[in-house]
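Here the structure is laid out as structure tokens; the discussion comes afterwards.
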Amino acid sequence: MRMRIDGCDVSLDLPAGSTFGAALAEAGRKVAAQGRVVSRIVADGREISTRFEREMADGPVGEVDTVDVTTTTPEALFREALDGAIDLSLAIRRDAETILSSLRAGDLEGAGPRYAACIESLGTFFQLAGAIFNAIGTGVFPLAVDSGSAGELPTPPVATAGILERLLRTQKASDWNAVADILEGEILPNIDGWSTFFMALKETLH
């Protein structure tokens, strides 16, 4: 397998029979040694998402001809992740408000397609929010703030996964009044809390 990092060929010190996941882990160590982080992986011309990366991890390296790894700085990736999370949270809020209007009016047919898309967006958003928060906690995304301003950051919302689970259980029971109540009373405040948290984080970047 040919491995390129930012367009340059690199050699990987891997034993025979190594997996695709092992090759990516070794590439990641080389990237980290340069103070950078992986931002994009393309295998044989196909961009690899986190899900596909997990699915391919146990496959032999011989199944892939060429892997192109693009890197960036932790700060640039942090900015990109924050911007994406903020934009997605605002879009979810707009969709949720429209869904609420339809549900409160008893228009289940009108709410259905937008609700399905909103649930998918919520799942993506909560995964992204958790990943950003965990990366901050582990130091992958270090905050360039002094102790005084760091203490003023809002606390990130809790029970996010639980709220989504309750929403899905209520949806399965076809209790649409309760679905509307959870959207209005729990989902929207949770999304607003995350938006406030991410916007405050963005203000700390120079």
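The values are calculated or read from the model by the stated rules, or taken from the named source; none is laboratory data. Worth saying up front: this structure is predicted, and the values here are computed from it rather than measured. Virtual Cβ from ideal backbone geometry, glycine too; neighbours counted across all protein chains shown.
Part of a loop (DSSP other than H, G, I, E, B), outside the structural domain of residue 141 (by TED's automatic domain parsing) and not aromatic (Phe, Trp, Tyr): which single residue out of 35, 28 fits that description?
35
Could you please find all residues in segment 49-81 being under 22 Å from residue 141 (Cα atoms) and part of a loop (DSSP other than H, G, I, E, B)?
Selection gives 49, 73.
Give segment 84-117 a look and list any residue that's among the charged types (D, E, K, R) and out of contact with any Lys or Arg (no Cβ under 8 Å at 6 or more places or on another chain), or say none.
Residues satisfying the conditions are 87, 93, 94, 97, 104, 107, 109, 114.
Which residue pairs have Cβ atoms under 6 Å apart, sit 6 or more places apart or on different chains, and have a first residue in segment 62-82 that is closer than 17 Å to residue 34 by Cα and in contact (Cβ under 8 Å) with a residue 60 or more places away in the chain and a second that is small (Gly, Ala, Ser) and part of a helix (DSSP H, G or I)?
As it stands, the answer is 69/27, since those pairs meet every condition given.
Residues that are within 22 Å of the chain's Cα centre (by Cα) and aromatic (Phe, Trp, Tyr): does segment 44-65 have at least one?
yes
Which of (1) more than 23 Å from the chain's Cα centre (by Cα); (2) surrounded by 14 or more Cβ atoms within 10 Å (Cβ to Cβ) does residue 132 not meet, given it meets every other one?
Among (1) more than 23 Å from the chain's Cα centre (by Cα); (2) surrounded by 14 or more Cβ atoms within 10 Å (Cβ to Cβ), the lone unmet condition for residue 132 is (1).
Considering only segment 74-91, I want to know if a residue exists there that is more than 23 Å from the chain's Cα centre (by Cα) and crowded, with 18+ Cβ neighbours inside 10 Å.
The answer is no; no qualifying residue exists.
So how many residues does segment 138-190 have that are modelled with pLDDT of 75 or more, outside any helix (DSSP H, G or I), loosely packed, with under 13 Cβ neighbours inside 10 Å and not hydroxyl-bearing (Ser, Thr, Tyr)?
Result for segment 138-190: 4.
Which of the residues that make up segment 10-25 are closer than 21 Å to residue 39 by Cβ and assigned to a loop (DSSP other than H, G, I, E, B)?
Result: 12, single match.
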